[in-house]
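Enquirer: The structure under discussion is supplied below as structure tokens; questions concerning it will follow.
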Amino acid sequence: MILCIETATGICSASLCDEHKVIAVTEAPPGMSHASQLTVIIQHLMKENRITPSGLDAVAVSKGPGSYTGLRIGVSAAKGIAYGAGIPLIGINTLAAMCSGYMGLHPEEPAEGTLLCPMIDARRMEVYNALFTTDGTVVRETSASIIDENSFSDILAQHRVIFFGNGSEKCIGTITSPNAVFEPDFRLSASYLHIPSVTAMRNKHFEDVAYFEPYYLKEFIATVPKKLLP
């Protein structure tokens, strides 16, 4: 039994998974603070399914890239649960989880020649992204990219690429290759950590609870809210 936590973007969710399936998933109301809602939805999820921390075999968390604040909240909660229950901590790359989730939603997607490009908004015209084959093999490692008309032109010249996630909205109208397909309505969910976390569990790929940190990819830059500007 694995508790999965997803806080890398504006969506805050948690799920319970066993080796074979997602048992239950819950999501915080839109617009609510991750800090105030994450422990609430985890407690609700555990209570509804009659699971205590001692009944968990591991806790998995979406480790990034993504929102600096969101990642800190999710990882801090996961570390606290893992430490308190004495169970392993699993860190899952958020883009890899998105890829797994997309294929779960689209099992009919043809494998040959098609690549998947999950994208997370990184502000302005920048996105966090990676490239995968439809079996989850990494083709291009995680990076932060500024989108322009030449983005992914080398890959699109040879492959059909499906861009999905909230970052892909920035590509529509800018990337015009006929090989580019856009799925901007794809939503993150803790349930997408299921297969990657089970795989990590089988391979005993665990994080050090004391020293594990989110995968920020970029340094945090503090800004002043517009309403506080003179």
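Enquirer: Scan the range 1-23 and tell me whether some residue there is of a type in the set (S, T, N, Q), buried (at least 21 other Cβ atoms within 10 Å of the Cβ) and more than 24 Å from Lys170 (Cα to Cα).
Expert: yes
Enquirer: Here's a follow-up. Any idea how many residues of the range 1-40 are closer than 16 Å to Ala60 by Cβ and polar (S, T, N, Q)?
Expert: Going through the range 1-40 one residue at a time, the tally reaches 4.
Enquirer: In the list Glu149, Glu109, Glu141, which residue meets the criterion of being of a type outside the set (Phe, Trp, Tyr), over 20 Å from the mean Cα position of the chain (by Cα) and under 26 Å from Ala200 (Cβ atoms)?
Expert: After applying the criteria, what remains is Glu109.
Enquirer: Hey, another quick one. Which one of His20, His34 is of a type outside the set (Val, Ile, Thr), free of Cβ contacts under 8 Å to residues at least 60 places away in the same chain and touching a helix residue (DSSP H, G or I) at 6+ places or on another chain (Cβ under 7 Å)?
Expert: His34
Enquirer: Could you list, in sequence order, the residues of the range 125-149 that are in a strand (DSSP E or B) and hydrophobic (A, V, I, L, M, F, W, C)?
Expert: Listed by number, the residues that qualify are Val127, Ala130, Leu131, Phe132, Val138, Val139, Ala144, Ile146.
Enquirer: Does Gly64 satisfy being within 13 Å of Leu188 (Cβ to Cβ) and in the same structural domain as Phe206 (by TED's automatic domain parsing)?
Expert: On the way: within 13 Å of Leu188 (Cβ to Cβ): yes; in the same structural domain as Phe206 (by TED's automatic domain parsing): yes.
Against the criterion (within 13 Å of Leu188 (Cβ to Cβ) and in the same structural domain as Phe206 (by TED's automatic domain parsing)), Gly64 qualifies.
Enquirer: Report, by residue number, each residue of the range 106-122 that is surrounded by 13 or more Cβ atoms within 10 Å (Cβ to Cβ) and free of Cβ contacts under 8 Å to residues at least 12 places away in the same chain.
Expert: His106
Conditions (1) surrounded by fewer than 15 Cβ atoms within 10 Å (Cβ to Cβ); (2) over 20 Å from Pro30 (Cβ atoms); (3) touching a residue at least 24 places away in the same chain (Cβ under 8 Å), marked per residue:
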{"site": "His159", "(1), (2), (3)": "no, yes, yes"}
{"site": "Thr176", "(1), (2), (3)": "yes, yes, yes"}
{"site": "Leu188", "(1), (2), (3)": "no, no, yes"}
{"site": "Ser191", "(1), (2), (3)": "no, no, yes"}
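Enquirer: Can you say whether Ala144 is touching a residue at least 60 places away in the same chain (Cβ under 8 Å) and aliphatic (A, V, I, L, M), as far as the supplied structure shows?
Expert: yes
Enquirer: Return the total of residues in the range 48-65 being more than 17 Å from Ala77 (Cβ to Cβ), free of Cβ contacts under 8 Å to residues at least 24 places away in the same chain and touching a helix residue (DSSP H, G or I) at 6+ places or on another chain (Cβ under 8 Å).
Expert: 0
Enquirer: Next up: Which residues, counting only those in the range 24-58, are surrounded by 15 or more Cβ atoms within 10 Å (Cβ to Cβ), in contact with a Leu (Cβ under 6 Å, 6 or more places away or on another chain) and among the polar types (S, T, N, Q)?
Expert: Thr26 - this is the single residue of the range 24-58 that is surrounded by 15 or more Cβ atoms within 10 Å (Cβ to Cβ), in contact with a Leu (Cβ under 6 Å, 6 or more places away or on another chain) and among the polar types (S, T, N, Q).
Enquirer: Now, a different point. Which residue pairs have Cβ atoms under 6 Å apart, sit 6 or more places apart or on different chains, and have a first residue in the range 201-230 that is under 14 Å from Pro65 (Cβ atoms) and assigned by TED's automatic domain parsing to the domain that holds Val59 and a second that is exposed (fewer than 10 other Cβ atoms within 10 Å of the Cβ) and at pLDDT below 95?
Expert: Cβ pairs passing all conditions: none.
The values are calculated or read from the model by the stated rules, or taken from the named source; none is laboratory data. All values reported here derive from a predicted model rather than from experimental measurement. Quick reminder, even Gly has a Cβ in these numbers, built from the backbone with ideal geometry, and neighbours come from all protein chains shown.
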